[in-house]
Every structure is written in C-alpha cells, then in structure tokens.
1. Using a Förster distance of 35 angstrom, determine the FRET efficiency expected from the C-beta separation of Asn584 and Lys319, and round it to 0.05.
2. On a 21 Å Cα-Cα criterion, which of the cross-link pairs Lys154/Lys403; Lys154/Lys203; Lys143/Lys204 come out too long?
3. What accessible area per residue comes out for the stretch 304-361, rounded to a whole number of Å², with a 1.4 Å probe?
4. Could you tell me the calculated FRET efficiency between Gln729 and Val81, based on Cβ-Cβ distance and R0 = 25 angstrom, to the nearest 0.05?
5. Over the stretch 137-189, what percent of the accessible surface lies on carbon and sulfur atoms, probe 1.4 Å?
6. Arrange the peptides 469-481, 89-101 so that the one whose residues have, on average, the most other Cβ atoms within 10 Å appears first.
7. Note down the nm distance, to one decimal, between modelled labels 7 Å out along Cα→Cβ at Ala479 and at Arg529.
8. Accessible area per residue, 1.4 Å probe, Å², for the stretch 113-184: what's the number?
Amino acid sequence: MAEPQAESEPLLGGARGGGGDWPAGLTTYRSIQVGPGAAARWDLCIDQAVVFIEDAIQYRSINHRVDASSMWLYRRYYSNVCQRTLSFTIFLILFLAFIETPSSLTSTADVRYRTAPWEPPCGLTESVEVLCLLVFAADLSVKGYLFGWAHFQKNLWLLGYLVVLVVSLVDWTVSLSLMCHEPLRIRRLLRPFFLLQNSSMMKKTLKCIRWSLPEMASCCRLLGAPVTEPCRQVRCPCLPAAWPRLSAVLSPSVGLLLAIHLCLFTMFGMLLFAGGKQDDGQDRERLTYFQNLPESLTSLLVLLTTANNPDVMIPAYSKNRAYAIFFIVFTVIGSLFLMNLLTAIIYSQFRGYLMKSLQTSLFRRRLGTRAAFEVLSSMVGEGGAFPQAVGVKPQNLLQVLQKVQLDSSHKQAMMEKVRSYGSVLLSAEEFQKLFNELDRSVVKEHPPRPEYQSPFLQSAQFLFGHYYFDYLGNLIALANLVSICVFLVLDADVLPAERDDFILGILNCVFIVYYLLEMLLKVFALGLRGYLSYPSNVFDGLLTVVLLPMAVVASTVLGLVQNMRAFGGILVVVYYVFAIIGINLFRGVIVASPGNSSLAPANGSVPCGSFEQLEYWANNFDDFAAALVTLWNLMVVNNWQVFLDAYRRYSGPWSKIYFVLWWLVSSVIWVNLFLALILENFLHKWDPRSHLQPLAGTPEATYQMTVELLFRDILEEPGEDELTERLSQHPHLWLCR
C-alpha cells in the first residue's frame, strides 16, 4: 500500500487517460469555475457531496453512478416515500401466507372445533402477489442501473435477488396455469429473501451467523497459531486473556462432545433400563423411554433441554434410587456444562465476526465522508482564493448540509460547529471529526419553569418539581396495586354479586384524588409545557409498571428494542420458512374424527401426558397462523417431547428430524445470540467509557445505543492511505486532485 502523501500534494494522482474535459458527472477537479458549464459543474459537485454524506450516514456503499440524472434517481430511490413503499410491499407479500390456502381465517386452530375456513378465489392473492413482484423487479432494476453491471455480477445478494424473482414469477405462472391447485408453491419459501435483502444490518447478522457456525472458532487463536481473517481487521482487547486459548481448543470439539455424550449415555441407558421383566406396569412405563435406540436417543435429547425432567427419571428412580445418579450425571455434564459452554463459545465467536462486519460499516462511513471531502475540496479554487491549498471551505459545506437528509438536531449542531471555523479551510481530519457528531444524540431542553415571587411558592415549586416527588408517586402506585391484589385474593371465593366493595371503592377514590393532585402539583411546579415535555408525565398510567428506579434496565431494554430489529427480522425469516415447510409436511396429520379412536377426545385410554390427554389439538400445521404458534411452543421447549411423540406416531419417525432442526435453530442458536446481545447491551451500558461527549452547542446529551456504536470503542479507524486507495478505485468517480 502506498505511503500517505502530504495534504498539500495530489492525493489521487492525475487524470485517467489523458487531458481534456471529462464527461459530466464522472469527474471533479480544481478548475471547475473554468468553462461554459461552470454553474452546472458547481451544482454537480454539491449534489455529489450531499449524496456521499447521506451514504456515510446510512453506512451505504458509495460505488454507484454519480452523474446528475443518476444522483437524482438515487436520492428519489432512498427517499422516505420509496423506502416505505418497498417496506410495505415486503410486509404485504409476507402477510399473504395468512390468507392463501390453507387460510388462517378461522376463530380457532383446534381441529375438534375448527370450521371450514374461507378460501380466497384463484387469482385474488395471486394478483396482489404479482404486483409485489413487479415492485421488487423495479427495485432490482434501479439498483442494477445505479451500481452498474460489473458490480451486479459480483454482488451475490443482487444475483440472488434476480434468481428469486425469476423463480417466483415462473412458479406464479405455473399456479395460474393449474388454476391454483398446484401441490407445492416454491415461491412461498423464497419470500423471506425480500426481507433479508432489504436490510443491511440483517445481511451483516446473517453473514456473521454463516461465518460462525461452521468454524466454531474464537476471534483470536493461540499464541503462535495462524491468525484468522476476522483477527486481521478486528482487535479483541475486551475478551479475557485466557478465553481465546480455551475457546480455540474447545470450540471445534464442543459439538462433537455433545454428540458423544448423548450417544454414550444412550447406550448406557439401554443397558441399564432395557433389560429385566416387562410384565410389571412400572417396568413397562420405564421401557417407554428406553425401548429401542431411537426412543432412547430422543428421550435423552429432550432431557438435554430439561423439558421431560423428572418424568424420564421417575420410573427408574422409583425402582431403585441409585438410578438417579445416571440422570443427574447426564444433566450436569450435558445441560449445565456442555450446553452453557456452547453458549459462551457462540457468543464469543459471533461477537468477533459481528465486529468484523461492523468494521466494514465504519469504513463505509469514513469512505463516504472522505469522498465528500475530495469533491468539495476540488471547489476551493473559486475566484482564485487559496490556489494551492487543499481543504473545504466552510460556506460550501454549509450549503451541502442544508440539502442533506438529516434530523434537525444533528444538522443544527453540525452547522454551528462549521460556522465556528469562519473562513478557515477544513482539513481532511477536521472534516472527518465533524461527522463524529452523528454518533451522539441530543436531549431536547425542557421549557423553563415558571418564576414565582413568593418564597412559599418557590419552596413548593422546588418540592413538587424534585425527582423524589416522582418516587413518592411510584410508591403510591405500588400501594394501589398491592391493595387491589389483596382484595382480589380475599374475595376469590366470593361471588361478584355478594362482594362488599365499599372499602375498595373508598381506597380507589383516595388514589384517584392523589393522582389528580400529583398532576396539578407537577403542572404548578413545571408549567404546562414543561409538564408535557416529559414523556413519563404523559404516560403516568404506566408508572404502576415501573415502580422503582430502574434507569439502567429501562435504557437497556430500549436499546434492545432498537438493536433487535436485525435479529428479529432473521427470526421472522426462520419462522416463516419453517412454518411453510411444516405446512407442506404435516398439514392434515392431526385429525379428530370419530373413526379414529386414538384421537377421540372422549377416549379415556390415552396415556397420561400424551398429546391427546393434554388436548394439544390446536398445535398443528394446518394453516400458517397455527404453524407459527406451534413453532413458538416448540421453541420454548416445555413439553416439546409431546410434539415429538405425537408427530412420530401420525407422520413417522422421520418427523423428528424437522423438530430437532427447529430446536437447534431456534433454541440453541437464536436464543443464544439473543443472550449475547443482551449481555453486550448491559456490559456497554455499565461501562463508563462507553458514554460519548455531548453534541457541540448543546447543554446536555445522552448516549444513543445502536449496534454500530456498541463496538465503536474497539473498532480501528481506517488509515489515510486505505481510504485514498479505495477512492481511486471508484468505478464512476474520477478525482483529478
């Protein structure tokens, strides 16, 4: 990589391929005020800088066309109207699964009481679907044009977008030709792709999952061992020193250890419990868990999740108390040690790959702002001022910031900081630092409090405006809640018509009077505008939920809601795909009919704890909504052995593959990643070094927690030469400076 050049020297070398004027939109250069097209070129440079800054704000790639017409289309494409239309289209095509055959438009999913659902006529949902596909085709066409064919060929997401659209349109044509009676709709499995490709953060998260699972290796290796690709770009100072060594040794073998542990105890269990008499009822119950290899393996796999504990142990334990040692040792090794170790390793390696992906996002932001600097610095020679200087004139940057799509608080703060430079040129370093303000969020100032002349009123204002007064309100709300619970417990066995609610009514009146008085006193202390400026005052009814000060917990939960969009989106995709697969595999399997005595609800001979005895009839895959609820119940893993047994009996033993795969994807992988995100939020919130300084010109600020900012303190800033080299490789922007 070339050595960084002095700032007064050309950064990107001479023009490519000879002299003369460059095509409009493909070049910016220092003498832009020379020639008949000076005004158009000036506007072009301003628009280019605006687009590059917006790309940096949104962590987007800058390798798109930058001529005037393309930038007009680019900004319209990323406008709120177009992006919301695209988001609504994605929601609409995913929502069709609830209406399409098999329809979910019934009041219950219970096969015993469910009526025949309304089925849409052929062509109704297909018409909506083809409109959505046309929107996606237009979306792909715009992206292909803006980024060019060369980029299109190298981008797997765009190629996948094209393949999914073609397959969906072909499958849609087949559906209409068969009058909507096709046995399988392939395009339903492909619909979640539209959600994935529209979110850059979901792409990053999915890429991290794809990297993490096959390797099962930590971010850093043993000393002296080869360094993995993530470690070349990401430092790992936040991990304990001994953890990388332990993780590197154990990670590749944890999955194998779990498999060996499960198989070994399965064989021991069959040797211990499959022999002996089979006439005793107690022995027969014990043998139901270990009668053959598949049943034994299933029983211990479920025990690994503790869902059937202590049911699987009780028959053997009742026969001989020493048998409890077998199950306790299995649970300690498998559930408490290996599963938790797997959780820790997944967290560690996913964190490393996520940091690598976020490093790329940081580079995109720095590259976008540097591209804007290069474009604006080419305008510095206007009117002969600063003929040899390199930098950005503050007034030019102010003109750009006026057109940038940015929230008013950040824009105002950045513009005030730019004005503070006066007429001094901004260097590249100062230009980059200016956009660090995007990582801070502004706390709106509350309106000033009313001013009272009376000392008594001033004391009352101080008293009722203090935050301790809010704590008193929380305690009163807690007392209100406790009183209601006490009366509900005391009157649990009394009929409503016979209850004496006089005392409870008096208490409710007292609490209502206090709440009204509290509101009036706060309005007195803060003023009406000041009172309404606090969201907690507007939503006073929620104070019974937040009873005691929980600032860290509440802010972390709020950060989780913001950061969970990518993880939640991937969970939606996984649920969607597994639900569609489940419908195709198990639709109509659970049928409560008089001719099938094993499924008759009145049959008292069904085993205790079975699907029939527990009346789990609504847990089926007969429609999309029912499939989602069934998958949720399986993800919780409570009593999931009941589902395994029922679908084994009515579909075959191969059905276990589907349910075990769902357990691995949802409970083992996704739940552990969710746990990792919670840990990162809490650890980052408790770390005093994580709080950034307030925005320039604002009296107070609060930390804005986003996924990118969680790791900002340990990400490496890209070097000057790295940014310059990447800019020189831009396929559509030629910089002569």
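1. Numbers: r = 43 Å, r/R0 = 1.24.
Between Asn584 and Lys319 the formula returns 0.20.
2. Values: Lys154/Lys403 32 Å; Lys154/Lys203 16 Å; Lys143/Lys204 19 Å.
Check vs 21 Å cut-off fails for Lys154/Lys403.
3. On the way: 2310 Å² over 58 residues.
In whole numbers, the stretch 304-361 has 40 Å² accessible per residue.
4. Working: r = 33 Å, r/R0 = 1.32.
The pair Gln729/Val81 has a calculated efficiency of 0.15.
5. Numbers: 2260 of 2940 Å².
Exposed carbon and sulfur together represent 77 percent of the surface.
6. On the way: 469-481: 15.8, 89-101: 17.5.
Highest mean packing first, the order is 89-101, 469-481.
7. Label at Ala479, label at Arg529, 3.5 nm between them.
8. Working: 4080 Å² over 72 residues.
Each residue of the stretch 113-184 exposes 57 Å² on average to a 1.4 Å probe.
The values are calculated or read from the model by the stated rules, or taken from the named source; none is laboratory data. Treat the numbers as computed from the prediction; the structure is a model and nothing was measured. Heads up, the Cβs are rebuilt from the backbone with ideal geometry, glycines too, and the neighbour counts pull from every protein chain shown. Just the protein is used for accessible areas: all its heavy atoms, side chains included, with ligands, DNA and RNA removed. Shrake-Rupley method; radii C 1.70, N 1.55, O 1.52, S 1.80 Å.
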